[in-house]
Every structure is written in structure tokens, then in C-alpha cells.
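The values are calculated or read from the model by the stated rules, or taken from the named source; none is laboratory data. Predicted model, so just to flag it, every value in this text is computed and none were measured. Note: ideal-geometry Cβ built from the backbone for every residue, glycine included; neighbour counts use all protein chains shown. Please note that ligands, DNA and RNA were not included when accessible areas were found on the heavy atoms of the full protein model with its side chains. Shrake-Rupley method; radii C 1.70, N 1.55, O 1.52, S 1.80 Å.
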Amino acid sequence: MRNLIERLGRSSLCALVLSAALATPALAGEIILPSHALERGGVVQAVYRTNGLATGKGQLFINWTDVHGRMVEDRKVPFQLMDEDRVGFPLDLRRAAAMKNMLRVHFTLQGRNKKGEPDMREERAETVFIARPSERRWRDYVIIMWQEHNAEQSQLLKSLGINAGQWVGRNTAPPDFYLDNDMRWYAENIATDFYSAYHRWFPDRPVNWMFREAREMYQKDPTRKEAFKRRPSLSDPAWLEKVHDRLIESVKRNAPYRPIFYNLADESGIADLAAFWDYDFSDQSLEAMRRWLRERYSTLDDLNRQWGTTFTSWDLVTPMTTSMAMKRTDDNFSSWADFKEWMDIAFAQAVKMGVDAVRSADPDAYAGIEGAQMPGWGGYDYYRLSQSVNAIEPYDIGNNIEILRSINPSIAVLTTAFAQGPWEKQRIWYELLHGNRGIIIWDDKHGFIAQDGKIGERGREVEPYYNELRKGVGALLINSTRLADPIAIHYSQASMRNEWMLAQKPKGEAWAMRRSSSDERLDNDFLRLRESYCRLIEDAGLQYNFVAYRQVEQGELLKRGYRVLILPRSSALSAAEVREIRAFVEQGGTLIADGTPGAFDEHSRRLEKPQLDDLFGGGSNGPAAAHSFGRGQAISLHADTLNYHQNRLISKEGEVFQLMRELLGRSGVHPEFTVTDDAGQPVVGVETHSFRNGAVEIVGLLTNPQLRVDEMGPPQFKSNERFEHARKLKVALPREMYVYDVRAAESLGKRKDLNVTLDPYEPRIFAMSAVEIPELETRAPARLRRGECGEIGFHFDRTPAATHILHVDVTDPSGKVIDYYSGNIIASQGRAEKLLPLALNDAAGKWQIRVRDLMSGQTKSSTVEVE
């Protein structure tokens with residue numbers, strides 16, 4: 001419309017409007033649909049209501065078009081009315097190929113009124129309706145552009161594989177530029193003022209100005225707690241109600257379009273991102289914390305014994321600030337640690353309230369937070385958050401993605417794409433292989449669509465692999481189950497708190513004066529050690545799961561058959577955790593630890609004797625000391641595991657790498673697929689990813705550099721140069737198997753081993769099965785008339801796979817791929833059907849239907865003669 005106005009000018013436009021008004025019939029009817037937004041699964045009954053009761057004969061001329069320019073229907077329906085004002089007609093929503101559709105009805109009547117006078121009517125009505133996207137579950141890979149673009153630019157983005165955008169969830173109208181290009185979106189930043197109060201965009205001040213003010217307030221008067229009152233409090237009932245109601249209203253506006261997900265807030269946190277601070281001493285927070293404490297402690301006396309306090313009433317219970325806790329000489333930080341745990345709970349509860357509000361109005365919805373931070377402060381206890389959200393976009397820091405997929409693999413995880421170049425390509429593949437379901441692109445420098453409106457350098461760079469990800473590879477991995485070896489890494493929020501206190505206590509007030517969110521990332525041995533253990537296991541050709549503190553208490557170690565448990569400075573353990581760890585070792589498990597596990601209880605109170613001391617049997621020299629306990633063993637590591645993630649970058653992994661391989665091997669944990677170099681030696685820097693799909697195993701090999709390598713300290717560690725070259729590898733299979741090269745779409749036959757050249761920036765992905773994947777069979781009509789729906793069938797006879805992903809390209813007689821008829825199909829148990837809803841104005845001639853099975857690489861083509 002804007003372009004039309006600019007071309008016509010104001011006077012011409014006025015003349016056009018006047019002419020249209022004079023040509024419009026005086027009377028108008030109304031099109032009534034069951035809803036503004038309709039499901040695509042079947043036929044709905046529509047109604048035309050004329051302007052007043054009528055008797056006589058007439059016709060409805062029905063015209064249905066969509067934003068692709070398809071004429072879906074153009075038909076007439078004869079009718080006869082007897083003192084009625086409604087004419088019904090069906091709409092087959094299976095024919096919809098776009099969200100936005102236009103329905104126009106021309107009504108004509110020849111009849112007589114009650115007085116016997118002629119009743120000649122000619123009316124017109126039109127409406128826009130939405131055919132909701134059919135995907136209720138997140139089973140395909142999405143590529144989302146954050147920055148907004150106009151309609152022409154959006155078409156270019158689609159050619160790059162980008163299929164969605166973002167739209168602020170508080171907007172009252174839907175984004176026409178997405179609807180007109182049939183692109184989906186996610187509802188962005190609905191409640192940043194609540195969840196991201198201390199880190200959000202303002203036009204005239206820094207994003208964290210409120211946090212800066214709190215710090216300045218504390219520095220002026222450290223004795224007052226005003227600086228430690230979060231505004232708004234995450235426990236404020238009025239704010240919780242306000243946000244709840246706002247989310248409901250946002251969902252009501254957005255649900256018709258089935259957004260990809262609802263984002264409560266970006267870069268949220270208790271304070272500024274993952275910065276440490278003594279929030280929240282507000283009255284609302286303390287009141288809620290006291291209720292929680294009463295549930296946790298049986299009596300006030302129990303709390304006083306644990307905290308070392310003398311409160312005479314629950315209403316007086318107030319936790320210590322950090323400065324107060326640091327002054328204690330008995331290493332009893334219980335009051336402070338319980339307060340920090342409460343804040344994790346308050347944040348997780350507030351997030352869950354938001355997600356529950358969204359899903360109360362849109363039960364199929366995915367909802368969560370975006371820009372999530374590293375595990376640690378700011379509310380980022382990922383065990384609790386994994387119970388609160390079903391979608392999340394975290395920055396990949398501190399193994400948060402591995403923690404999430406370990407604890408709750410059903411969560412839809414995305415990542416942000418900021419950069420460009422070969423390592424960015426590698427990272428996108430890396431995140432997919434680690435369980436991600438899509439990316440959100442940040443392009444503030446116009447790298448995808450340049451300012452001249454053409455595809456930019458960054459866009460040209462990503463187009464090949466973005467389109468490959470969208471054309472089925474991503475969906476294949478998403479619809480397979482990621483596997484891990486029987487290795488558990490302890491995820492302990494209590495130990496994180498405890499180790500932070502022990503590290504920062506000697507520094508006094510530095511936490512309040514200089515420490516930022518980035519410092520919590522860069523100056524964090526607890527986080528670095530966990531990172532090193534992950535790289536050690538991955539370099540050994542194995543995978544792992546994080547097992548959270550509560551899961552340990554619930555017996556997950558024995559229930560899930562783990563053979564090895566790693567305690568990375570798990571200095572704070574509950575009695576229930578200790579009981580389960582003991583049982584695990586007694587029944588044959590291997591316990592590997594560094595530091596002194598269980599020196600503190602879960603409240604951060606130092607104990608007279610470490611709780612697992614007897615398992616390790618006292619001190620010992622050497623890089624590792626093993627001690628038998630029951631049928632298992634406990635191993636205390638003294639080697640330099642802390643710096644492994646750095647040392648591997650400069651080929652100095654030696655002793656630690658060999659030691660870990662030996663310890664895991666002696667525990668009965670060996671790679672199912674053994675990867676060596678061409679000389680048969682173990683390799684460092686190649687990660688093996690395994691997925692289960694029925695009886696088919698999908699194996700991905702990818703270079704495993706160091707993420708955020710520029711943050712690795714001294715200059716010699718700030719490079720992934722060691723991994724920047726192709727590698728010749730040998731892969732030994734556990735038995736003879738049929739092997740398929742997924743990306744090359746090639747069957748490699750029956751093999752016991754593979755010789756593989758691995759590009760440093762792209763994966764090799766293989767599907768392997770004990771039995772051959774059967775032939776793909778297709779069924780398609782030989783002829784169709786324009787306006788007809790053709791059913792196309794696909795099936796495999798007795799496939800070993802649980803789910804095949806088929807990519808279908810439908811091309812018109814000119815050879816153009818018609819994207820809205822094409823796409824990925826999920827074939828559960830090897831069977832699927834697809835509807836081809838040809839439009840009345842589609843081209844006549846020979847149409848081609850090409851289908852590729854992503855798993856086996858088979859391709860089939862069919863020709864349909866369209867008349």
C-alpha cells in the first residue's frame with residue numbers, strides 16, 4: 001500500500017477511492033468463519049450472511065487466494081433461501097499452503113420479499129483468515145533472523161534458508177511483512193521489565209544502569225540494605241499478577257499464528273546477567289523466603305542450629321549478606337548459602353509462572369527465555385530452570401547446553417549466530433550435534449542483506465550450509481535420540497556457591513566493587529574444571545551426562561546404569577547425595593574426584609570430617625590414587641585436570657589425557673566407535689556424537705576446538721590453530737554394519753571400518769545399521785487437474801529406523817522449485833503421506849516430485865501431468 005500511495009500521489013489516490021466507493025454495491029453481507037485462525041487438517045463450514053432475510057434463488061461466487069498468489073478456489077454455489085439470511089459453504093483447509101489467506105464472496109439473489117415485491121440483491125464481502133501452521137511439536141530445524149526486514153528482503157532471506165523472524169510479543173497487531181512472505185516468528189521480549197530489570201535496552205542510558213546505581217548506593221553506605229532490594233522483586237505478588245495477565249493477553253493475540261516460541265525476556269537474571277549481587281532483601285522476597293525455610297526446616301531451632309543463629313521468631317529470620325558471611329571464622333556459610341539458593345528458586349518459580357501463563361492460553365506453546373547465561377549466579381541453576389521452561393536460547397558458556405540436554409532433553413534449545421567465517425560454520429554444526437534445534441541470527445551490520453538491498457557477504461557465506469541444515473539434516477538429528485556413555489558428571493549448584501565463597505572470601509569487598517558478569521566467567525576455576533572434564537571425555541571418544549544434585553538424591557546413578565561418576569570439586573554435598581554415591585560405589589561404580597568432596601554440607605557449613613573421606617582411603621602420591629570400596633573404587637585425581645582445556649590447544653594434553661583414558665577403560669567404559677588417526681593412535685580434538693533412531697545409529701564426527709578461545713588467558717592459548725587442518729581418520733565399527741554417508745547421500749555398503757577425511761569446519765555424518773535400509777517406495781498420481789489435491793505416499797517395507805526424514809522438492813514445468821509445496825516430511829515407522837493442493841492458476845504441464853531419504857541417501861522422482 002505504501003508503494004501504491006507513493007506512485008499515485010495524494011490527488012490520484014483520492015480519485016481512486018471515490019471511484020471505488022461509487023462502484024461498490026450499497027448493501028454488503030458478511031463472511032462468518034468458525035474462527036479467524038483455522039487448523040489445516042480438514043474441512044470447515046463457512047457461512048455467508050446476507051443483509052436481511054430473503055426468499056429466492058441465487059448463487060455464491062467464492063474466491064480464495066493466498067499470499068503466494070495461488071487461486072485456491074474459484075467456484076459458484078447455487079442456493080435457495082426461504083425467509084433466511086445465511087448460506088453455508090465448505091472450505092477444505094487441507095488445500096491451504098500459506099498462513100495468510102483472502103476469501104471473497106459475491107452474492108447474487110433473485111427473489112421476492114413478504115410483500116411480493118422483487119428482491120434483487122448483489123452483495124460482496126471479503127475477509128482474511130489464518131491457516132495455522134500445522135507443526136505443533138518442534139521437530140524441524142529453524143533459522144530465525146532477529147533484525148526486521150521488508151517484504152522484498154524477506155524473500156531474499158528465505159533463499160538463504162532463513163525461515164522465521166522475531167516480533168515483539170507486546171505488539172497489538174501481527175507483522176504483515178512476515179505474513180505476506182509466509183514466514184513464522186517468535187514472540188519476543190514480552191516481560192523484560194520484570195525478568196531483565198537490570199540488563200535491558202534503553203534509548204538514553206546503558207543497559208545496566210540500574211545495576212550500576214545499586215552498586216553506587218552500596219559503596220556510599222554499605223550498612224544499609226537498600227542496594228540489595230530488587231526492583232521489581234521476583235516475589236512481588238502484584239508484579240507476578242501483572243506479568244501473568246500481560247502474558248495471557250500477548251498469547252491471545254499471537255496464538256492464532258502459532259509462534260515458534262514465546263520469549264519472556266532476553267538476557268534475564270536476578271541482577272545484571274550472571275553478575276553476583278546480594279539480591280533480594282525486599283520485604284516481599286524475605287517473606288517468601290521465610291515460608292520456604294519453614295518447609296525446609298522442621299523447627300526454628302533446627303534453622304538456628306544450622307545457621308549458628310539465635311532467632312526467636314520466624315518473622316525475624318534474615319539471612320547474612322555476603323560481607324557478613326565472609327567475616328565468619330567457622331566456615332559456616334549456611335545463612336548466606338540458603339539465601340542464594342532461595343534466589344535461584346525465586347527466579348525459577350517466576351520463570352515457570354510465565355511459562356505456565358503462556359501455556360494456559362496456548363497449550364501447545366513453547367515458552368522460555370533468551371540470552372540465557374552460564375551456570376552460576378543470576379538465577380542460572382540449570383536444574384531448576386530445566387523444570388521451568390520448554391524452550392531456551394542460551395549463550396553456550398560453561399557447558400550449559402550439555403547440562404540442559406542431560407537433565408531435560410525435551411527442551412527445545414537454540415543458539416545465537418553472531419559471527420562469520422569458517423569457525424562460525426563449525427560452531428553451528430557443533431551446536432546441532434549437541435542437541436540444538438535452531439539458531440537466532442544477530443545481524444546489526446547488515447551482513448545478510450546489504451544496505452543496497454542485495455545479499456551481503458555473510459549471507460552468501462552461510463547459504464550452502466543453512467539450506468543443507470533446513471533440508472533435512474537438522475530434522476534427522478532432532479528426531480533421533482542423542483546417546484551418552486555411562487559417565488555422569490556431578491552438577492552441584494551448592495558446590496558452585498561454596499567454591500565461590502572460598503575463592504572470594506580472601507578478597508574481601510572486591511565482589512561488590514569490581515566484579516561483573518564477565519568476571520564470573522573468566523575468573524572461575526570451578527567452571528574451568530568442569531569444562532576440562534568435558535573436553536577430556538570427548539577427546540577420549542566418549543560422551544557423558546550431567547547428573548544434578550537432586551537427581552543424585554533420587555537414585556539416578558544406579559537407575560540409569562552409570563559406571564563412572566565424576567565429582568569436579570563437589571565440595572558441598574547433602575546427606576542424601578552422599579548416601580547414593582556410597583551405594584553407587586559399593587555396587588561396582590567408579591568414583592573420580594579432585595579436591596575434597598563433601599567437606600561441606602549442602603548449606604555450605606564445613607563438617608568436622610569430609611563425608612566421603614573413607615571412600616578415598618587417605619592421601620597418596622602420584623597423579624591418581626585408587627581405593628577399593630565394596631565392588632567399586634574411588635579415585636582421587638592429583639593431575640592437572642584444571643588446565644586441560646587450555647593445554648590440549650598446544651599439544652600438551654599428554655599425561656592427563658592418557659590417565660583419563662586408562663581410568664575410564666578400567667571402569668569398563670570404551671567407545672562404541674573407535675576413532676584413531678591414520679597411524680592408529682588416539683586423536684585429540686575430534687568429537688564423536690551418537691544418536692539412536694530405532695535400530696539405526698547415526699554417528700557424527702566433528703572437530704572439537706575450544707569455544708570462546710579468545711578468553712583463554714595467555715596468548716599461547718588463544719588459538720584453535722592445532723585443529724585448523726583436515727584430518728585422516730580411521731573409524732572402527734563395533735560389528736559389520738551397513739553404512740550410509742548422510743551428507744553425501746551415498747551408501748557405502750557393509751563395513752567394519754571407515755577411512756574418513758574430516759574437514760576442520762564441517763562434520764561427517766553416517767547412518768549405520770545391522771540390516772540394510774530397504775528401498776524407498778513412492779506413490780503419486782500420474783495426472784491431476786489444476787485445483788485438485790493429489791495424495792503422494794512414501795514408505796519403506798520393514799525399515800530398522802523409527803523415523804525417516806524425507807525432503808521433497810516439487811518443481812513446476814519451468815523447473816522452479818515451489819517452496820510452499822516442498823519441504824521435510826517426518827515418516828514415522830517409514831510411512832508418510834503428503835498432499836499436493838494444486839491451485840487453479842498453477843502452470844499446466846509436467847511437474848516433478850523429487851524425494852530424498854536423509855538417512856540412506858536414496859532419491860526417487862515422479863512426474864505428474866497437470867492439466
Subset of the stretch 816-857, residues open to solvent by less than 10 Å² (accessible area, probe 1.4 Å) and aromatic (Phe, Trp, Tyr), comes to 821, 847
Any residue in the stretch 726-748 that is over 27 Å from residue 859 (Cα atoms) and of a type in the set (Asp, Glu) sitting within a Cβ distance under 7 Å of a residue that is in a strand (DSSP E or B) and open to solvent by 20 Å² or more (accessible area, probe 1.4 Å)? List the pairs, counting only those 6 or more apart or interchain. none
In the stretch 576-672, which strands (runs of 3 or more DSSP E) lie fully inside it and hold 3 or more residues that are crowded, with 20+ Cβ neighbours inside 10 Å? 590-594, 632-637
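Each row is one residue, and each column tells you yes or no for (1) over 27 Å from residue 478 (Cβ atoms); (2) in contact with a Lys or Arg (Cβ under 8 Å, 6 or more places away or on another chain); (3) without any contact (Cβ under 8 Å) to a residue 24 or more places away in the chain.
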{"position": "631", "(1), (2), (3)": "yes, no, no"}
{"position": "638", "(1), (2), (3)": "yes, no, no"}
{"position": "641", "(1), (2), (3)": "yes, no, no"}
{"position": "650", "(1), (2), (3)": "yes, yes, no"}
{"position": "663", "(1), (2), (3)": "yes, no, no"}
{"position": "680", "(1), (2), (3)": "yes, yes, no"}
{"position": "687", "(1), (2), (3)": "no, no, no"}
Among the residues of the stretch 184-210, the number that are touching a strand residue (DSSP E or B) at 6+ places or on another chain (Cβ under 6 Å), outside any loop (DSSP other than H, G, I, E, B) and open to solvent by less than 50 Å² (accessible area, probe 1.4 Å) is 6
From 550, 535, 521, grab the single residue that is touching a residue at least 60 places away in the same chain (Cβ under 8 Å), crowded, with 21+ Cβ neighbours inside 10 Å and within 24 Å of the chain's Cα centre (by Cα). 535
For residue 571, indicate whether it is out of contact with any Pro (no Cβ under 6 Å at 6 or more places or on another chain) and surrounded by fewer than 22 Cβ atoms within 10 Å (Cβ to Cβ). no
Matching residues, the stretch 583-595, being over 34 Å from the mean Cα position of the chain (by Cα) and either farther than 21 Å from residue 494 by Cα or modelled with pLDDT of 95 or more (or both): 583, 585, 586, 587, 588
Helices (runs of 4 or more DSSP H) (entirely within the stretch 237-320) containing at least 1 residues that are touching a Phe, Trp or Tyr at 6+ places or on another chain (Cβ under 9 Å), over 27 Å from residue 367 (Cα atoms) and not acidic (Asp, Glu): 283-296, 300-307
Please work out which residue is farthest from residue 276 (Cα to Cα), limiting yourself to the stretch 318-343 and to residues that are among the polar types (S, T, N, Q) and open to solvent by less than 20 Å² (accessible area, probe 1.4 Å). 332
Which residue out of 488, 494, 484 is buried (at least 18 other Cβ atoms within 10 Å of the Cβ), in contact with a Phe, Trp or Tyr (Cβ under 8 Å, 6 or more places away or on another chain) and in a loop (DSSP other than H, G, I, E, B)? 484
In the set 412, 419, the lone residue that is more than 17 Å from residue 546 (Cβ to Cβ) and without any contact (Cβ under 8 Å) to a residue 24 or more places away in the chain is 419
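The rows are residues; the columns are (1) in a helix (DSSP H, G or I); (2) touching a His at 6+ places or on another chain (Cβ under 6 Å); (3) not β-branched (Val, Ile, Thr).
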site	(1), (2), (3)
710	yes, no, yes
735	no, no, yes
744	no, no, yes
792	no, no, no
Which residues, counting only those in the stretch 358-373, are open to solvent by less than 10 Å² (accessible area, probe 1.4 Å), out of contact with any Asp or Glu (no Cβ under 6 Å at 6 or more places or on another chain) and within 25 Å of residue 519 (Cα to Cα)? 369, 372
Keeping to the stretch 712-733, report how many residues are part of a strand (DSSP E or B) and either buried (at least 18 other Cβ atoms within 10 Å of the Cβ) or of a type outside the set (D, E, K, R) (or both). 5
Against the condition open to solvent by 10 Å² or more (accessible area, probe 1.4 Å), modelled with pLDDT under 95 and out of contact with any Gly (no Cβ under 6 Å at 6 or more places or on another chain), how does residue 313 come out, does it pass? no
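Name the single residue that is farthest from the chain's Cα centre (by Cα) among those in the stretch 679-698 being among the polar types (S, T, N, Q) and more than 19 Å from residue 426 (Cα to Cα). Give the steps one after another, and end with the answer.
Step one: list which residues in the stretch 679-698 are among the polar types (S, T, N, Q), which gives 681, 688, 690, 693.
Restricting the remaining residues to those that are more than 19 Å from residue 426 (Cα to Cα) gives 681, 693.
Values: 681: 37, 693: 21 Å.
Selected residue: 681.
Scan 67, 47, 72, 43 and give me the residue that is open to solvent by 50 Å² or more (accessible area, probe 1.4 Å) and of a type in the set (Val, Ile, Thr). Spell out the reasoning first.
Values: 67 fails: open to solvent by 50 Å² or more (accessible area, probe 1.4 Å); 47 fails: open to solvent by 50 Å² or more (accessible area, probe 1.4 Å); 72 fails: open to solvent by 50 Å² or more (accessible area, probe 1.4 Å).
Just one listed residue meets the conditions, 43.
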Can residue 514 be described as buried (at least 20 other Cβ atoms within 10 Å of the Cβ), free of Cβ contacts under 8 Å to residues at least 40 places away in the same chain and farther than 23 Å from residue 401 by Cβ? no
So for the stretch 286-301 (the condition being within 23 Å of residue 218 (Cα to Cα), modelled with pLDDT of 95 or more and open to solvent by 10 Å² or more (accessible area, probe 1.4 Å)), does at least one residue qualify? yes
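Could you list all residues from the stretch 761-789 that are of a type in the set (Gly, Ala, Ser), over 28 Å from residue 465 (Cβ atoms) and in contact with a Phe, Trp or Tyr (Cβ under 9 Å, 6 or more places away or on another chain)? Talk me through it step by step, then tell me what you get.
Keep residues of the stretch 761-789 that are of a type in the set (Gly, Ala, Ser), which gives 767, 769-770, 780, 782, 787.
Add one more test, that the residue is over 28 Å from residue 465 (Cβ atoms), and what stays is 770, 780, 782, 787.
The one that is of a type in the set (Gly, Ala, Ser), over 28 Å from residue 465 (Cβ atoms) and in contact with a Phe, Trp or Tyr (Cβ under 9 Å, 6 or more places away or on another chain): 770.
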Quick test for you: out of 279, 257, pick the one residue that is closer than 30 Å to residue 164 by Cβ, touching a residue at least 24 places away in the same chain (Cβ under 8 Å) and either out of contact with any Gly (no Cβ under 9 Å at 6 or more places or on another chain) or open to solvent by 30 Å² or more (accessible area, probe 1.4 Å) (or both). 257
Quick check, is residue 698 touching a Gly at 6+ places or on another chain (Cβ under 6 Å), assigned to a strand (DSSP E or B), closer than 18 Å to residue 856 by Cα and open to solvent by less than 10 Å² (accessible area, probe 1.4 Å)? no
Going through (1) open to solvent by 40 Å² or more (accessible area, probe 1.4 Å); (2) closer than 30 Å to residue 139 by Cα one by one, residue 355 fails only at (1)
Give just the number: which of (1) out of contact with any Pro (no Cβ under 8 Å at 6 or more places or on another chain); (2) open to solvent by 50 Å² or more (accessible area, probe 1.4 Å) does residue 798 not satisfy? (1)
